[in-house]
Amino acid sequence: MRARERGWLLWAALATIYVVWGSTYLAIRVMVETMPPLLAAGVRFATAGAIFWVVLRLAAGPQRVRVTGKQLAGAGLMGLLLPFGGNGLVTVAEQDVPSGLAALIIGVVPLWVVLMRSAHGDRVPRVTLAGVAVGFAGLALVVLPGGRPGDAPLWGVLLTLAASLSWAAGSFYSRRLPLPEDAFASTAFQMLLGGGAMIAAGLVAGELGDVRLSEFSDDSVLAFAYLTFIGSLLAFTAYVWLLRNAPISTVATYAFVNPVIAIFLGWAILSEEVTATTVVGALAVVGSVASVVRRESGPEEEESPPQGAAPQAEATESRAA
């Protein structure tokens, strides 16, 4: 591939994960206006996972999707931590939590990962820990009573915080679990199993009674399709291509770009409230995450992660949508 073509592909892939993943919070907010959250999110991920699996099976044969029992169990645990815990909880919370606020809370995932590393005995530089403290201080400014935009309820904020912790745990343990060697196959099984778990949880929660196809709005249906085919399939394909063709320090920039895009889109399209407190808190969070990501994506991390790892950089992941 020519250098110029490679450069254009690099920027196109970066723009894809910036804009698409930054807009998924908005799409989730629109989807849950008329669709039950767990069932909708579950069907979204199960569909995306099934498409990945079928394409891999047809394009490369059965060996591409062949896994051991341990790898399947590892993928199942990741499916519970990432699609279910990370995305499913956010989808439920966004029934009442503004999309921009949800994106900002999920944006601190890299900070949680640093704390998990420190708790597991890794030596984390004090300057990195100081940056983590600044980030959480900025988040507290936004989520404490009196500072929450859109009168977001406490239950929704706590659920989104739980989602960020779940996603951080999945990111942290992704390199410590036996997973399918192929990154796409690993993701296919994670999406299938996590999506299936969300569907089961939605049925237990009684969401089937809320499924009234005639009452699904056109906007919600379009948002569901966008999340499935653009947010899950297209953007993830671009992400994996970037992991293989660009330094992780470049790929990781989406971790602090996505919340900015999400806040802007929520304000511009859904007229979500953006107060001075929100701006100050967001600047602290985004600045902290940017600092941590750049420090954690140093020269030793310039190589792409092994294919057996879940498709995210351990200390830079903030994808829960």
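Any residue at all in segment 52-65 that is in contact (Cβ under 8 Å) with a residue 60 or more places away in the chain and buried (at least 24 other Cβ atoms within 10 Å of the Cβ)? Steps first, answer last, please.
At the first step, the residues of segment 52-65 found to be in contact (Cβ under 8 Å) with a residue 60 or more places away in the chain are 52-53, 56, 64-65.
The next check asks that each one be buried (at least 24 other Cβ atoms within 10 Å of the Cβ); those that pass are 52.
Taking every residue of segment 52-65 in turn, at least one turns out to be in contact (Cβ under 8 Å) with a residue 60 or more places away in the chain and buried (at least 24 other Cβ atoms within 10 Å of the Cβ).
Residues in segment 264-277 that are part of a loop (DSSP other than H, G, I, E, B) and open to solvent by 50 Å² or more (accessible area, probe 1.4 Å): S271, E273, V274.
May I ask you to list the residues in segment 141-188 that are of a type in the set (D, E, K, R) and under 30 Å from A238 (Cα atoms)? Let's see the steps before the verdict.
To start, the set of residues in segment 141-188 that are of a type in the set (D, E, K, R) comprises 148, 151, 175-176, 181-182.
Result: R175, R176, E181, D182.
Within segment 250-287, restricting attention to residues that are farther than 21 Å from A152 by Cβ and among the hydroxyl-bearing types (S, T, Y), the residue that is farthest from the chain's Cα centre (by Cα) is T250.
Matching residues to (1) out of contact with any helix residue (DSSP H, G or I) (no Cβ under 6 Å at 6 or more places or on another chain); (2) in a helix (DSSP H, G or I); (3) open to solvent by 30 Å² or more (accessible area, probe 1.4 Å):
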{"site": "A27", "(1), (2), (3)": "no, yes, no"}
{"site": "R44", "(1), (2), (3)": "no, yes, no"}
{"site": "G88", "(1), (2), (3)": "no, yes, no"}
{"site": "V97", "(1), (2), (3)": "no, no, no"}
{"site": "W112", "(1), (2), (3)": "no, yes, yes"}
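Here is a yes/no grid of residues against (1) assigned to a helix (DSSP H, G or I); (2) open to solvent by 10 Å² or more (accessible area, probe 1.4 Å):
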residue	(1), (2)
G150	yes, yes
L158	yes, yes
A163	yes, no
P178	no, yes
A188	yes, no
L193	yes, yes
I199	yes, yes
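Restricting segment 201-215 to residues that are assigned to a helix (DSSP H, G or I) and either in contact with a Phe, Trp or Tyr (Cβ under 6 Å, 6 or more places away or on another chain) or of a type in the set (D, E, K, R) (or both), the residue that is surrounded by the most Cβ atoms within 10 Å (Cβ to Cβ) is E207. Within segment 134-142, identify whether any single residue is under 22 Å from V30 (Cα atoms) and open to solvent by 30 Å² or more (accessible area, probe 1.4 Å), and answer yes or no. No - not one qualifying residue is present in segment 134-142.
On the stretch given as segment 243-263, residues that are in contact (Cβ under 8 Å) with a residue 60 or more places away in the chain, assigned to a helix (DSSP H, G or I) and within 23 Å of S288 (Cβ to Cβ) total 13. For first residues located in segment 67-82 and hydrophobic (A, V, I, L, M, F, W, C), partners that are open to solvent by 70 Å² or more (accessible area, probe 1.4 Å) and modelled with pLDDT under 95 and lie 6+ apart or on another chain with Cβ distances below 8 Å form the pairs L77/Y173; M78/Y173; L81/Y173.
The values are calculated or read from the model by the stated rules, or taken from the named source; none is laboratory data. A quick note: this is a predicted structure, and the numbers were derived from the prediction, not measured. Note that each Cβ is placed from the backbone with ideal geometry, even for glycine, and that neighbours are counted across all protein chains shown. Protein only, heavy atoms only, side chains kept; ligands, DNA and RNA dropped before computing areas. Shrake-Rupley method; radii C 1.70, N 1.55, O 1.52, S 1.80 Å.
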